[in-house]
Amino acid sequence: MTTPSTTQDGPAAKRRPRISRGTVLVLGVVVIPVALGAALHGYGPLTEDTAIRMAFTAVAGKTITILSAITAVVLTIKRGYALPAILGMLLIAALIAAWAIGGMASTGELLLERLDRIAVVDQLNR
């Protein structure tokens, strides 16, 4: 007589927890960029260093946003969702990427404005 095994030695034992597409999008579009911005924001006088740091932080957050949208599309395709779900996720990813690229462009303009403001204040102080 054999005793039942208490350990699982099949494919279910090697299965990793699945991360949902929604979790990837929420973390990549909202949580991580906001955390980066909060951690690296210039909480003091506006200097050239803080202006550049804030610009790079914004671009890094937007890059993570685009990569998370691409990851959500890849997860949708890899997990074998139906064609309407894949097309819907592609549309969502395209909208997110367009929004993020527009944000990167406005970040460049904002950096130039901040550096001009710093130069004007520096000129007034002389």
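Derivation of every value follows stated rules applied to the coordinates shown; laboratory data play no part. Note that the coordinates shown come from a computational prediction; the quantities given were computed from them, not determined experimentally. Don't worry about glycine lacking a Cβ; one is built from the backbone with ideal geometry, like all the others, and counts go over all protein chains shown.
Length gain on complete extension for the stretch Trp99 to Val120, per 0.36 nm per residue less the alpha carbon to alpha carbon distance?
4.4 nm
If you add up the charges near Ala85, with Lys and Arg at +1 and Asp and Glu at -1, over every other residue whose beta carbon is less than 10 angstrom from its beta carbon, what do you get?
Net local charge, Ala85 excluded: +2.
Which one, Leu90, Leu112, Leu124, is farthest towards the positive end of the dipole of the chain when Lys and Arg carry +1 and Asp and Glu -1 on their Cβ?
Leu90
Could you compute the FRET efficiency for Arg53 and Ser20, with r as their C-beta to C-beta distance and R0 at 30 Å, rounded to 0.05?
The value I calculate is 0.35.
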